[in-house]
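Since the structure comes first, as structure tokens, the remarks are kept for the end.
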Amino acid sequence: MNIYICSLLSKKNLKFLNSHLNSLNKLKIPGNCKLKIIFVLSPKINVTKNLLKRFLNKIDYSIIESIKDNIPYSRNVFLKFLKNKNVQYAGFVDDDCVIDENWLLNMIKFFDQNNCDIVGGPQYHDVKNKVFKNYYNVLEPTHYHGQLVNWVATNNCFFSKKVFSISKVFFDIKFASVGGSDQLLFSKLNKKRFIIRWNEKSFITENFNAEREKRAWFFKRNLRYGYSGNLIDKKIYGKIGLIIIFIKLIYLISIALFLLLIPSRRNYIKSSFLFLRATGRFIGLFNYKPKKYI
């Protein structure tokens, strides 16, 4: 059984490269599996090649260079790479994360025990300031083990090759600055009736990042979820996309107001996040486009 896992290496996450590579080295691989890590490098970090040789000594890997410093484009480079390969499963992980050593074992076991085509798992966070633990708990999706979901994130996903050998769905490179290209892609695949499930046992942990332990970052991220959500809905629902956007805008505000009636720290955080997403939805109606990805 051949398995290819893609890790996009970016200049901004080079400080996490050591821990990321060490976690890949420690992955437990079933005896009947041949695992290969495919590193897609942005044009700005060719120096990384020497670092890979230095740290990776227990795992097979290959390097592909992307001609654009564009995350959706680089992910498509990997999907196109898969087309002519003899591979049964593939997946994506993020370069700022530590992969649990049982991640692959649990993904394969999950596929064996569940009817699915695509599987996603949780991302935990290494938090120094415990104040922000609640922020992350609210920000991250909460699903039960085995749950059917509409989409998963590329920071932790695993899929059967048939998904991309049958479909002709790719990441939208226009989402490079707004984010959400993974939500759009997997939502499209969900509409094509590919089965997507949640695997609680295959998790990754994002390295501590001081830049994200600030309230302003969480506020900006939720705003981004709002306006990128508009773009996603327009792509998925077409002519009725605007109606869907207004329904979701009203829904977000209604739930945010309801949560304020039940005082608790978690409800206050969640309510503020929902108000920010609603605000992002509103400004997105005026074609707001950020200068860079948040």
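The values are calculated or read from the model by the stated rules, or taken from the named source; none is laboratory data. Remember, it's a predicted structure, so these values are computed and weren't measured experimentally. For neighbour counting, all protein chains shown are included, and Cβ atoms are generated from backbone atoms with ideal geometry for every residue, glycine included.
Just a yes or no: is a residue in the range 78-92 within 21 Å of PHE39 (Cα to Cα), assigned to a loop (DSSP other than H, G, I, E, B) and free of Cβ contacts under 8 Å to residues at least 12 places away in the same chain? Checked the range 78-92: at least one residue is within 21 Å of PHE39 (Cα to Cα), assigned to a loop (DSSP other than H, G, I, E, B) and free of Cβ contacts under 8 Å to residues at least 12 places away in the same chain. Restricted to the range 32-51, and to residues there that are aliphatic (A, V, I, L, M) and surrounded by 17 or more Cβ atoms within 10 Å (Cβ to Cβ), the residue that is modelled with the lowest pLDDT is ILE45. The single condition among (1) modelled with pLDDT of 95 or more; (2) surrounded by fewer than 16 Cβ atoms within 10 Å (Cβ to Cβ); (3) over 27 Å from PHE132 (Cα atoms); (4) of a type in the set (A, V, I, L, M) that LEU285 does not satisfy is (1).
Within the range 67-87, is even one residue farther than 28 Å from ASP172 by Cα, surrounded by fewer than 16 Cβ atoms within 10 Å (Cβ to Cβ) and not aromatic (Phe, Trp, Tyr)? Step through it out loud before you land on a result.
Residues of the range 67-87 farther than 28 Å from ASP172 by Cα: none.
No: zero hits.
Residues in the range 120-156 that are farther than 27 Å from SER264 by Cβ, out of contact with any helix residue (DSSP H, G or I) (no Cβ under 6 Å at 6 or more places or on another chain) and hydrophobic (A, V, I, L, M, F, W, C): LEU148 only.
For the structure I just gave you, tell me whether LEU223 is surrounded by 16 or more Cβ atoms within 10 Å (Cβ to Cβ) and either touching a Leu at 6+ places or on another chain (Cβ under 9 Å) or not assigned by TED's automatic domain parsing to the domain that holds VAL127 (or both). Yes. Contact map, the range 271-294: first residue in a loop (DSSP other than H, G, I, E, B), second residue crowded, with 17+ Cβ neighbours inside 10 Å, Cβ cut-off under 6 Å, separation 6 or more or different chains; pairs are TYR288/TYR227; TYR293/GLY179; ILE294/ARG221; ILE294/ARG224.
Only residues that are loosely packed, with under 15 Cβ neighbours inside 10 Å, touching a strand residue (DSSP E or B) at 6+ places or on another chain (Cβ under 8 Å) and not polar (S, T, N, Q) were counted in the range 52-62, giving 1. Checking LYS188, LYS214 one by one, the residue that is free of Cβ contacts under 8 Å to residues at least 60 places away in the same chain, out of contact with any Gly (no Cβ under 8 Å at 6 or more places or on another chain), farther than 27 Å from LEU285 by Cβ and among the basic types (Lys, Arg) is LYS214 and no other. Given (1) within 30 Å of PHE218 (Cβ to Cβ); (2) at pLDDT 95 or above, identify the lone condition not met by LYS128. Result: LYS128 passes all but (2).
Here is a yes/no grid of residues against (1) within 13 Å of the chain's Cα centre (by Cα); (2) at pLDDT 95 or above; (3) not assigned by TED's automatic domain parsing to the domain that holds LYS235:
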| position | (1), (2), (3) |
| --- | --- |
| PRO122 | yes, yes, yes |
| PRO141 | yes, no, yes |
| GLY146 | no, yes, yes |
| VAL149 | no, yes, yes |
| VAL163 | no, no, yes |
| PHE175 | no, no, yes |
| SER181 | yes, yes, yes |
| LEU189 | no, yes, yes |
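Filter the range 1-21 for residues that are outside any strand (DSSP E or B) and among the aliphatic types (A, V, I, L, M); which is surrounded by the fewest Cβ atoms within 10 Å (Cβ to Cβ)? Only one residue tops the list, namely MET1. Of everything in the range 174-193 that is hydroxyl-bearing (Ser, Thr, Tyr) and within 24 Å of SER160 (Cα to Cα), the residue that is surrounded by the fewest Cβ atoms within 10 Å (Cβ to Cβ) is SER187.
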